[in-house]
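The values are calculated or read from the model by the stated rules, or taken from the named source; none is laboratory data. This structure is a prediction, so every number in the text was calculated from the model and none was measured. Backbone-built Cβ (ideal geometry, glycine too); neighbour counts: all protein chains shown. These area figures cover heavy atoms from the full protein model, side chains too; ligands, DNA and RNA do not enter into them. Shrake-Rupley method; radii C 1.70, N 1.55, O 1.52, S 1.80 Å.
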Amino acid sequence: MPDPLTITPETIERAARCLREGGLVAFPTETVYGLGANALDGRAVARIFEAKGRPRFNPLIVHVTSLAEAETLAFFDERARKLAKAFWPGPLTLVLPREAGSGLSDLVSAGLPTVAIRVPSHPIARDLITAAGIPVAAPSANLSGRVSPTQAAHVAADLGGKVDIILDGGPCTAGLESTIVALTADAPLLLRTGALDRAALENALNQPLAEKPQSAIPQAPGMLASHYAPRARLRLNAETGAPGEVFLGFGAREGTGRGTTLNLSERGDLLEAAANLFSFLRELDTAGVETISVAPIPAHGLGEAINDRLRRAAAPRPEQTRSE
Ligand code: TXA
Ligand code: MG
């Protein structure tokens, strides 16, 4: 288990290299410690979910160092730009439409058409992201179900054996997660209260923030109406693809049907399967077929979250139920 590293130019450079190479680095921010991975690399992002032991894919916050960089990843309207200019760097996360061609892994936003972005003010977080030269996906660096860590020792206790490097920046000053505002609908929405005061936001926007009931925060993104769900039906645990279906394989299980076939991981690697899941579903769905048959996915490790997402995608959706 890695001992937390004290901060020097060398340890920052080592951590930055680790991120570029697909590793996991826990680092301090002004709010709480984050568990970072390269947001452009689906396998690296899948490792975050594996390390946290989450049974579901929850969308993650992407950390960058400037508004200019953020604008290459997400669409900023005037309101978004106003908030970014007023409160970045700082403990504000904006949920915005993803920019096409951003290069972000689909797993970062758990298949949603939106992405959460934040520009931290903590100098160590900034130095690390700058040195890595990539956007860094990072949830709080705790095990699923535990509280967010505000000291390197908390991270070590929760995730010690599962992260490559822990940067020790001392205790976090805010000790409370960032405030999350969604600018994806007409009214700006407060998705999570946090270290940035609601009044400050409303002042800057010159309008009150609508609030979502706690239950509507996408703890389970697949349940959200706005969440990407394939138009096609899904047939799970399929041994093989039937004629007219497209087949999503795993491991040695290949489709024998005609038409498109993709394999989540020919090697039967769950990390690779998680990294491919959302983009492959989307790709097969655009083939316009009625049914996507999906090979059985093992239930252990990341397989739990993959199967959860597949079951949600396979469940009848309200629109379908209504029209039937
Ligand atoms: O202060 C913080 O925000 C810390 C530090 C490390 O930056 N990060 C953090 O991340 O608290 P996490 O993953 O523990 O919480 C992120 C929250 C989740 O509740 C997630 O559902 C929400 O952000 N979220 C992320 N992307 C979203 C999206 N596209 N739409 C709606 N909610 C989103
Ligand atoms: Mg968290």
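Within the range 105-116, track down each residue that is more than 16 Å from ligand 2 (Cβ to nearest atom) and surrounded by 24 or more Cβ atoms within 10 Å (Cβ to Cβ).
Matches in the range 105-116: Ser105, Leu107, Val115.
Tell me which residues, restricted to the range 6-19, are assigned to a helix (DSSP H, G or I) and either in contact with a Cys (Cβ under 8 Å, 6 or more places away or on another chain) or open to solvent by less than 100 Å² (accessible area, probe 1.4 Å) (or both).
First, the residues of the range 6-19 that are assigned to a helix (DSSP H, G or I): 9-19.
Correct list: Thr11, Ile12, Glu13, Ala15, Ala16, Cys18, Leu19.
Can you tell me which residue within the range 264-288, out of those that are open to solvent by 40 Å² or more (accessible area, probe 1.4 Å) and farther than 22 Å from Phe49 by Cα, is nearest to the chain's Cα centre (by Cα)?
Glu283
Based on what the data block shows, is Pro139 buried (at least 17 other Cβ atoms within 10 Å of the Cβ), under 18 Å from Pro59 (Cα atoms) and more than 12 Å from ligand 2 (Cβ to nearest atom)?
no
For the subset of the range 173-192 comprising residues that are closer than 22 Å to Arg54 by Cβ and either in contact with a Phe, Trp or Tyr (Cβ under 7 Å, 6 or more places away or on another chain) or in a loop (DSSP other than H, G, I, E, B) (or both), which member is least open to solvent (accessible area, probe 1.4 Å)?
It comes out as Ser178.
Pairs, please: C-beta under 6 Å, at least 6 apart or cross-chain, first residue in contact (Cβ under 8 Å) with a residue 24 or more places away in the chain and in the range 127-147, second within 16 Å of ligand 2 (Cβ to nearest atom) and among the polar types (S, T, N, Q)?
Close Cβ pairs (under 6 Å, with a partner that is within 16 Å of ligand 2 (Cβ to nearest atom) and among the polar types (S, T, N, Q)) amount to Ser140/Ser148; Asn142/Ser148.
If you check Ile124 against the conditions, is it modelled with pLDDT of 95 or more and in contact with a Pro (Cβ under 6 Å, 6 or more places away or on another chain)?
Numbers: modelled with pLDDT of 95 or more: yes; in contact with a Pro (Cβ under 6 Å, 6 or more places away or on another chain): yes.
It is true that Ile124 is modelled with pLDDT of 95 or more and in contact with a Pro (Cβ under 6 Å, 6 or more places away or on another chain).
In a strand (DSSP E or B) and within 12 Å of ligand 1 (Cβ to nearest atom): does that describe Ala116?
Numbers: in a strand (DSSP E or B): yes; within 12 Å of ligand 1 (Cβ to nearest atom): yes.
Yes.
Inside the range 37-60, can you point out the residues that are touching a Pro at 6+ places or on another chain (Cβ under 9 Å) and not in a helix (DSSP H, G or I)?
Listed by number, the residues that qualify are Asn38, Ala39, Leu40, Arg54, Arg56, Phe57, Asn58, Pro59, Leu60.
Being under 22 Å from the mean Cα position of the chain (by Cα) and more than 30 Å from Leu209 (Cα to Cα) is the filter here; which residues of the range 157-188 pass it? Show your work before the answer.
Taking the range 157-188 first, the residues under 22 Å from the mean Cα position of the chain (by Cα) are 158-167, 175-185, 188.
Listed by number, the residues that qualify are Asp158, Leu159, Gly160, Gly161, Lys162, Val163, Asp164, Ile165, Ile166, Leu167.
Of (1) more than 16 Å from ligand 2 (Cβ to nearest atom); (2) crowded, with 17+ Cβ neighbours inside 10 Å, Ala210 satisfies all except one. Which?
(2)
Would you point out which residue out of Val147, Val108 is hydrophobic (A, V, I, L, M, F, W, C), at pLDDT 95 or above and closer than 24 Å to Ala195 by Cβ?
Matching residue, one of Val147, Val108: Val108.
Check whether at least one residue in the range 91-107 is in a helix (DSSP H, G or I) and either within 12 Å of ligand 1 (Cβ to nearest atom) or not basic (Lys, Arg) (or both), and report yes or no.
Within the range 91-107, the first condition is being in a helix (DSSP H, G or I), and the residues that meet it are 106-107.
In the following step, the residues that additionally are either within 12 Å of ligand 1 (Cβ to nearest atom) or not basic (Lys, Arg) (or both) were identified as 106-107.
Checked against the condition, which is being in a helix (DSSP H, G or I) and either within 12 Å of ligand 1 (Cβ to nearest atom) or not basic (Lys, Arg) (or both), the range 91-107 yields at least one hit.
Against the definition (under 16 Å from Arg20 (Cβ atoms), under 19 Å from the mean Cα position of the chain (by Cα) and surrounded by 20 or more Cβ atoms within 10 Å (Cβ to Cβ)), how does Val119 come out, yes or no?
no
Going through Glu99, Glu78, Glu71 one at a time, which residue ends up being touching a Phe, Trp or Tyr at 6+ places or on another chain (Cβ under 6 Å), closer than 22 Å to Leu190 by Cα and surrounded by fewer than 20 Cβ atoms within 10 Å (Cβ to Cβ)?
Glu99
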